[in-house]
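Have a look at the structure below, then the notes.
The values are calculated or read from the model by the stated rules, or taken from the named source; none is laboratory data. All values derive from a computational prediction rather than experimental measurement. Using ideal geometry, Cβ is built from the backbone for each residue, glycine included, and neighbour counts are taken over all protein chains shown. Note: accessible area is taken over every heavy atom of the protein model, side chains too, but ligands, DNA and RNA are not part of it. Shrake-Rupley method; radii C 1.70, N 1.55, O 1.52, S 1.80 Å.
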Amino acid sequence: MSAPGSKRWPARRAVTLALVGMTLLALFAVTFRLRLDPNVASLLPDQGEAAALRRYVRGFGGGDLAVVLVEGPDPETNAKVSAEIAAELGKRPSVARAADRIDTSRALDPMLVFRHADPRAMERLRGALTPEGMRARLAESRAMLLAPGSGAVADIVAADPLRLGQLAYEGADIGSGVRTQPDGAFATDDGKAHLVLAEPRGQALRGEDARRFVEDTEAVLAPLRAAHPEMKLGLTGGHAIAAATEAMLTRDLSISSTLATVVASLVFALIFRRVRALVAVMPPLLLGTVWTAAVAAALPRGLSAIAIAFMSVVVGVGVDTGVHVYAALLEARRAGLPPREAARVARAKTARGVLFAAGTAAAAFGALAFSSIEAMQQLGLLCAAGELLTAVAIVLVTPEVGALLERKPPPPPAPVRWTDAFAWLSGTRRRAALLAIVALLPVGAVFLGAAPGLSESIVAVRPKELEPLKVQQAVFDAFGGKRGQWVVLVADRDLERARARGDRLAETLSAMKDDVEAVDALTALAPAKETQEARFLARDAQGLPAKADELEKALVETGFAPARFAGALDAMRAPSRDLVQIEDLRKSTASILLSRYLGTDDGDHLVALYVRPREVPGATARVEEALRQTDPRAMLTGYARLEVVLRQSLAEDLPKIGGVAAVLVVAALAMSLRRARDVVIAAIVVLCEIAAVLLLVRILGIPLHAYDALVLPVLLGITVDEGMFLLYRAREVDGAIGGTGRPSGQAGAPGVEHDVIRETLRDEGPPVAATALTTATGFAALALCRFDGLRDLGLVGALGSVAGLVVALVVVPAGLRLWKA
């Protein structure tokens, strides 16, 4: 007859082979498929204006043109270096074209500038064609010609004596709000800051394209930085931001996961006082983490910025299971069971409890699926999967490894004294009542309005530590730009129809002088055919042949020889009606700007307009209403409007996620504890913990926004364990004391209650502390992340884990003292 153990060998071998197979497949997936997603779209809600912003980000490749900022003390050197950068960038394979200057008006027939004139520009042109306007413009032209170094101006004035081209573009925000100098250079008036615009090839949201462009650009800039140490050369734009974001995420993932593993191991060893236990716990924990990473590799668009937190969280939370399983193994060995039998007993004793706790935490994480933000959905999915997978791996592997490590009888547990302080605090009903009141104070404070207010969420979308964003701010500072820019997005299956709709919107907005500070639109470069024809009709209605006679007369009166301007006069008498085509623009020097306005997404042509409203009362509402009246299908979005959208998203998501998590936790408590007293005490622990976290967030000044605030309901599931395990142990200790007839030391129940509380804390305090603190280390490791949203999320999670431990050690003993079973 075979021994009982021999029958388990085939099953053990099958489990081992299954684990090895799963791990190999997971490693393959992680190695070849796991990728980080720098796409900011995953950080945005999937509805309303944020959905429009997601579409804008997809359609325009994640950003604007690439911009190189050149700053230095010498204007001539700045101009020379800018020209060299543009020339060298244009030779790079990752760059479609680059330019340090542009001229959108000089080569035009003066009569054709009308096709680019929005209502503001048309008004200026009409004024210049009045008798008084002509003479004023000609007087200015004459003064320009008499100024020193005016040779280049002479040809311009000869072709366009009224400088109508200048009027057509005067005040327009062509090209990201960057103004040009008379020679066409993108530069400030003092010449101490120049810009080089580049159109990268590929998509900014495709990591390889973004990295290749940044590498090529840095190869151009590096020798120039060495040759001109007094100058500052910086790169910004969609590709630069995407590449920097991906690099930041890679760093944050590697540092936080490594730190979480190391610190969780140290905390485990210090509190558990059994270093060899790490050998039994960490390998299966890493197995579960690798399996979870394989789930992340299956995400179709890659791992988002916030979701990379899963690695640290899974490591920190996953150690919990190992603590309880190994503690049960040691307990069985100290009871005299042989190693193999001790492993079986430990697994049988803990499997239901730890898997139930893991399932509760996974359900709380799974509640993040109700978030409208894809990144939070990813985080919830991965943390839920990681919680379950690591628990399964530890339950399967840790007892087997522990049996090999604990062949000799383990020493008796080291005496624990720190828990006696918590036992003393609830040693009498009076102290217990006072302790309960203190624990409930945060709840009252939050109820009375002491909770922290919401902070800006935009920092979690556009981290302030990103170097390209610092360069972007430097561009704004140098060229007088502002961040308050809106994006108006038009989507249509037909490109020409989309352009015409965009033109109508641009004309509506440009006419709102009191409410709109600037409008930047394609219509200034290449209006739709419908728009151009309408503008030519408005031009011709002014009677240009008669205006030509008036101009000839004004030329004589202001001291010019009309013969010198015969070409301009002839053009006015027979004005051209040539239409500009997109294809023409692609061949001109203005082609560098085209990608700013046109994009594609999901089969639609996208046309983007950029609007900056004035900061005057009611301007926002009037602009929004004007857009609705002009084109109800147009989408209004932009980072400047994102904060309101994120707050609305949080207001909708938090009740849903919190409600689901609360229902799941209460149900789990009811099914697990099965005593009304214990369920109420555990629920009070969680309630006091959340209130304490909110107060600590306010006191410590931790930003609370749409990303870290959603961790609060998750804490319901991952910190309820401390209270549950203390209550479980109290029930076991109470039964053991009652069953053995152990003397209480005093007559009556109070002595027995004291023994139950003290023994419960001595037995279960260290494991509970180990699980809570390792969870806290997993979150705390995120505090070293440079990505703002991750850092804030980690701080809130770490505070919640520590607060949950302290509250459980205070409230559970007090509740047991005050509420007799």
(Q) If residue 234 meets every condition in (1) part of a strand (DSSP E or B); (2) of a type outside the set (A, V, I, L, M, F, W, C); (3) surrounded by 19 or more Cβ atoms within 10 Å (Cβ to Cβ) apart from one, which number is that one? (A) (3)
Q. Is it the case that residue 353 is in contact with a helix residue (DSSP H, G or I) (Cβ under 8 Å, 6 or more places away or on another chain), touching a residue at least 12 places away in the same chain (Cβ under 8 Å) and within 23 Å of residue 798 (Cα to Cα)?
A. no
Q. Of the residues in the range 126-166, how many are without any contact (Cβ under 8 Å) to a residue 60 or more places away in the chain, open to solvent by less than 10 Å² (accessible area, probe 1.4 Å) and within 51 Å of the chain's Cα centre (by Cα)?
A. 2
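Is it the case that residue 454 is outside any helix (DSSP H, G or I), surrounded by 15 or more Cβ atoms within 10 Å (Cβ to Cβ), among the aliphatic types (A, V, I, L, M) and in contact with a helix residue (DSSP H, G or I) (Cβ under 9 Å, 6 or more places away or on another chain)?
Answer is yes for this residue.
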Q.
Quick check on my filter: what residues within the range 367-385 are open to solvent by less than 30 Å² (accessible area, probe 1.4 Å) and closer than 17 Å to residue 717 by Cα?
A. 367, 368, 371, 376, 379, 380, 382, 383, 384, 385
**Q.** Single match in 406, 341 (criterion: over 45 Å from the mean Cα position of the chain (by Cα) and open to solvent by less than 10 Å² (accessible area, probe 1.4 Å))
**A.** 406
Q. Can you find a residue in the range 386-398 that is open to solvent by 40 Å² or more (accessible area, probe 1.4 Å) and in contact with a Phe, Trp or Tyr (Cβ under 7 Å, 6 or more places away or on another chain)?
A. yes
Q: Report, by residue number, each residue of the range 202-220 that is surrounded by fewer than 19 Cβ atoms within 10 Å (Cβ to Cβ) and touching a helix residue (DSSP H, G or I) at 6+ places or on another chain (Cβ under 7 Å).
A: 202, 203, 211
Q. Only one of these conditions is not met by residue 262: (1) open to solvent by 10 Å² or more (accessible area, probe 1.4 Å); (2) under 29 Å from residue 45 (Cα atoms). Which number is it?
A. (2)
Q: Scan 764, 753, 759, 722 and give me the residue that is open to solvent by 30 Å² or more (accessible area, probe 1.4 Å), part of a helix (DSSP H, G or I), modelled with pLDDT of 80 or more and more than 30 Å from residue 649 (Cα to Cα).
A: 759
(Q) For the range 105-119, give me the residue count where each residue is closer than 17 Å to residue 511 by Cβ, surrounded by fewer than 23 Cβ atoms within 10 Å (Cβ to Cβ) and at pLDDT 80 or above. (A) 0
Q: Run down 287, 259 and say which single residue is more than 25 Å from residue 418 (Cα to Cα) and under 25 Å from the mean Cα position of the chain (by Cα).
A: 259
**Q.** Flag if residue 318 is surrounded by 22 or more Cβ atoms within 10 Å (Cβ to Cβ) and either closer than 15 Å to residue 384 by Cα or under 36 Å from the mean Cα position of the chain (by Cα) (or both)
**A.** yes
Q: Output the residue which, of all residues in the range 493-528 that are open to solvent by less than 10 Å² (accessible area, probe 1.4 Å) and part of a strand (DSSP E or B), is nearest to residue 624 (Cα to Cα).
A: 516
(Q) Can you tell me which residue is farthest from residue 33 (Cα to Cα) among those in the range 291-315 that are touching a residue at least 40 places away in the same chain (Cβ under 8 Å) and open to solvent by 10 Å² or more (accessible area, probe 1.4 Å)? (A) 311
Q: Considering only the range 695-708, state which residues are surrounded by fewer than 24 Cβ atoms within 10 Å (Cβ to Cβ) and of a type in the set (A, V, I, L, M, F, W, C).
A: 695, 696, 697, 699, 700, 702, 704
Q. Any chance the range 301-309 includes a residue that's in a helix (DSSP H, G or I) and either more than 20 Å from the chain's Cα centre (by Cα) or among the polar types (S, T, N, Q) (or both)?
A. no
Q. Can you tell me which residues in the range 543-557 are open to solvent by 30 Å² or more (accessible area, probe 1.4 Å) and touching a helix residue (DSSP H, G or I) at 6+ places or on another chain (Cβ under 8 Å)?
A. 545, 547, 550, 552, 556, 557
Q) Do any residues in the range 643-663 that are over 12 Å from residue 712 (Cα atoms) and modelled with pLDDT under 85 have Cβ atoms under 8 Å from those of residues that are among the hydroxyl-bearing types (Ser, Thr, Tyr) and open to solvent by 30 Å² or more (accessible area, probe 1.4 Å), where the two are at least six apart or on different chains, and which pairs are they? A) none
Q | Among the residues listed as 270, 249, 253, 266, the single one being assigned to a helix (DSSP H, G or I), closer than 30 Å to residue 224 by Cα and modelled with pLDDT under 85 | A | 249
Q: Please indicate, with yes or no, whether at least one residue in the range 292-300 is part of a loop (DSSP other than H, G, I, E, B), within 31 Å of the chain's Cα centre (by Cα) and of a type in the set (Gly, Ala, Ser).
A: yes
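Considering every residue within the range 568-579, establish whether at least one is within 18 Å of residue 134 (Cβ to Cβ) and either open to solvent by 40 Å² or more (accessible area, probe 1.4 Å) or charged (D, E, K, R) (or both).
Checked the range 568-579: at least one residue is within 18 Å of residue 134 (Cβ to Cβ) and either open to solvent by 40 Å² or more (accessible area, probe 1.4 Å) or charged (D, E, K, R) (or both).
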Q) Is it true that some residue in the range 610-624 is part of a helix (DSSP H, G or I), open to solvent by 60 Å² or more (accessible area, probe 1.4 Å) and in contact with a helix residue (DSSP H, G or I) (Cβ under 6 Å, 6 or more places away or on another chain)? A) no
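With within 30 Å of residue 289 (Cα to Cα) and either at pLDDT below 70 or open to solvent by less than 20 Å² (accessible area, probe 1.4 Å) (or both) as the only criterion, which of 25, 44, 69, 34 stands out?
44
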Q. Among the numbered criteria (1) over 19 Å from residue 596 (Cβ atoms); (2) touching a Lys or Arg at 6+ places or on another chain (Cβ under 8 Å); (3) among the acidic types (Asp, Glu), which single criterion is violated by residue 209?
A. (1)
Q.
Can you go through 809, 784 and tell me which one is modelled with pLDDT of 85 or more and more than 27 Å from residue 687 (Cβ to Cβ)?
A. 784
Q.
Considering only the range 411-419, I want to know if a residue exists there that is within 24 Å of residue 327 (Cβ to Cβ), in contact with an Asp or Glu (Cβ under 9 Å, 6 or more places away or on another chain), open to solvent by less than 20 Å² (accessible area, probe 1.4 Å) and not charged (D, E, K, R).
A. yes
(Q) Between a residue in the range 74-89 that is over 11 Å from residue 224 (Cβ atoms) and any residue that is open to solvent by less than 10 Å² (accessible area, probe 1.4 Å) and among the hydroxyl-bearing types (Ser, Thr, Tyr), which pairs come within a Cβ distance under 6 Å, given they are 6 or more apart or on different chains? (A) none
